[in-house]
1. Of the residues that make up segment 13-23, is at least one open to solvent by 50 Å² or more (accessible area, probe 1.4 Å), modelled with pLDDT of 85 or more, not hydrophobic (A, V, I, L, M, F, W, C) and not in a loop (DSSP other than H, G, I, E, B)?
2. Mind checking whether some residue in segment 55-62 is part of a helix (DSSP H, G or I) and at pLDDT 95 or above?
3. Among the residues of segment 56-73, what is the count of those that are closer than 20 Å to Gly84 by Cα and among the charged types (D, E, K, R)?
4. Output the residues belonging to segment 64-89 that are part of a helix (DSSP H, G or I), open to solvent by less than 50 Å² (accessible area, probe 1.4 Å) and free of Cβ contacts under 8 Å to residues at least 12 places away in the same chain.
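The values are calculated or read from the model by the stated rules, or taken from the named source; none is laboratory data. Being a predicted model, the structure only gives us computed values, none of them experimental. Cβ placement follows ideal geometry from the backbone for every residue including glycine, while neighbour counts extend to all protein chains displayed. Surface accessibility is based on the protein's heavy atoms, side chains included, excluding ligands, DNA and RNA. Shrake-Rupley method; radii C 1.70, N 1.55, O 1.52, S 1.80 Å.
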Amino acid sequence: MVKNRSGISESEIDSAASPQWGSTQRPLLVYLQAILPSLNPTERQIGDYILEDPERVLSSSISDLHRGSGASVGSIVGFCRTLGVKGFASFKI
């Protein structure tokens, strides 16, 4: 069983994508909600900011996310990698 940096396995991700979140929910956001408690404080701060208004993040630059969340650009990139994407640009897709 392979686990990511947050210690969450793929089967745990699949179980987090339950119907209660709705069919229009983006899978990455469902995953983020599932792992949020296991993230470090800075990553949790970024995650909370994103979950407040996911649509806002789609049209934001990494600098906008930096200003809004209070986290450094490097922390944001690291957060994206924790979620299994290459960086912020991949996270927004």
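1. no
2. yes
3. Residues that pass the stated criteria total 0.
4. Cys80
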